[in-house]
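Readers should treat all values here as calculations from the given coordinates under stated rules, not as data from a laboratory. Since we're looking at a predicted model, the values are computed, not measured. Cβ sites come from the backbone with ideal geometry, for glycine too, and all protein chains shown count toward neighbours.
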Amino acid sequence: MGHQSQRTAPGCTGGGKEAEELFLMALNYHHGINGMPRDLERAIKCYEESLELGNPKAAINLGTLYRAEFGAHRESRKERLKYMNALYARAIKMGCPDGYYFIALSYYYGWGVKENIEKGDAYMKKGAEDGGLFPMYAHGLIMDKKGEVEEAKKWLLKALERGFGLAGYELFSIYKFEKDYQKMIYFARQGAKLGDTMCMFVLSGIYRKGRYDQPKDEEYAEKLYDFYSTINEKAPPPLIEDFDERFPPKEVVPYSGEK
């Protein structure tokens with residue numbers, strides 16, 4: 001299972017239809033998806049054009065691409081990281097609070113700045129408070145790690161309600177630990193409806209074995225698994241509006257087997 005793309009905050013889309021089309025074209029070339037070859041030069045060009053038209057998501061992806069691979073043969077790592085962080089800051093100025101998430105990562109890992117965990121946490125909280133979906137999700141994880149579980153639930157729920165499907169998986173994990181299996185299943189389903197493949201994967205495993213007060217149904221589990229396998233994790237996650245129709249909720253039943 002790969003690292004799935006996620007939705008960004010509403011403020012992260014700008015520049016109109018043409019800018020968004022260029023951004024999606026850049027994604028295709030960046031990852032070699034939707035019938036396009038993987039071509040970083042073309043991806044960079046499309047990201048830059050999308051950015052100039054006002055799409056801040058292009059600034060974030062362009063920055064991350066520079067850190068990871070592009071330009072390694074032509075610029076020093078120090079220069080690339082400096083440019084990367086400038087692009088993240090530009091995205092924030094353009095109204096995209098998800099940029100705070102990526103700035104925070106730079107402080108966590110010392111990418112172009114001096115490593116500073118506290119400063120990273122502060123940027124993540126700022127991004128969450130400003131409505132960034134990535135920061136809401138990450139701030140929720142930070143709160144959970146610090147033992148502030150109810151605060152973690154609050155931020156993860158906010159992210160989930162705004163379309164960040166992976167938050168459903170983290171809420172699933174929290175309620176699994178608390179042995180509240182009804183809420184655990186509920187949040188996994190909510191994440192699955194947003195196209196989150198982790199949520200679909202764990203649901204499939206539960207019904208394959210009949211665990212956590214759920215009935216064993218191998219056919220249902222296989223159908224879920226097959227459906228999740230069709231989702232391109234490098235593309236924006238699809239909304240599964242007919243998820244309940246495809247996979248009707250199972251009644252919670254007593255289960256005395258191994259959990």
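Observations, loosely collected:
- Shape call, segment 183-241: gyration tensor on alpha carbons, a/c limit 1.5: oblate
- Centroid-to-centroid, using Cα positions, segment 35-58 and segment 171-216 are 36 Å apart.
- The angle between the Cα long axis of helix 56-68 and the main principal axis of the chain comes to about 80°, on a 0 to 90 degree scale.
- Per-residue ellipticity at 222 nm computed for the chain from its helices equals -20000 deg cm²/dmol, with DSSP H segments shorter than 4 residues left out and the rest contributing -39,500 (n - 2.57).
- In segment 74-113, the alpha-carbon atoms span a convex hull of 54 Å³ per residue.
- With N as its number of residues, segment 1-117 has a Cα radius of gyration that, divided by 2.2 N^0.38 Å, comes to 1.03.
- Straight-distance candidates among the lysines for linking to LYS78, with alpha-carbon spacing under 30 Å and chain neighbours fewer than 8 residues away dropped: LYS45, LYS57, LYS93, LYS114, LYS119, LYS125, LYS126, LYS234.
- For the pair segment 1-21 and segment 85-126, the centres of their Cα atoms are 18 angstrom apart.
- C-alpha long axis of helix 166-177 to longest principal axis of the chain, angle in °: 40
- Calculated FRET value between ARG38 and GLU218, using beta carbons and R₀ = 41 Å, to 0.05: 0.65
- Between helix 133-145 and the chain there is an angle of about 60 degrees, using the helix long axis and the longest principal axis of the Cα atoms.
- log10 of Debye I(q)/I(0), alpha-carbon scatterers only, for the chain at 0.11, 0.13, 0.16 Å⁻¹: -0.66, -0.89, -1.20
- Order of THR8, THR13 - criterion: other Cβ atoms within 10 Å of each residue's Cβ, fewest first: THR13, THR8
- Hydrodynamic radius by Kirkwood, which averages 1/r over all alpha carbon pairs of segment 44-192, in angstrom: 16.2
- Simple spin-label estimate for GLU118 and HIS31 gives 3.8 nm between the two label positions (7 Å along the Cα-to-Cβ direction from each Cα).
- Cα shape, segment 122-259, gyration tensor, a/c 1.5 rule: oblate
- Flagged links, alpha-carbon separation over 18 Å, of LYS153/LYS209; LYS193/LYS223; LYS176/LYS209: LYS153/LYS209
- Unpaired cysteine residues in the chain (no second Cys Cβ under 4.7 Å): CYS46, CYS199.
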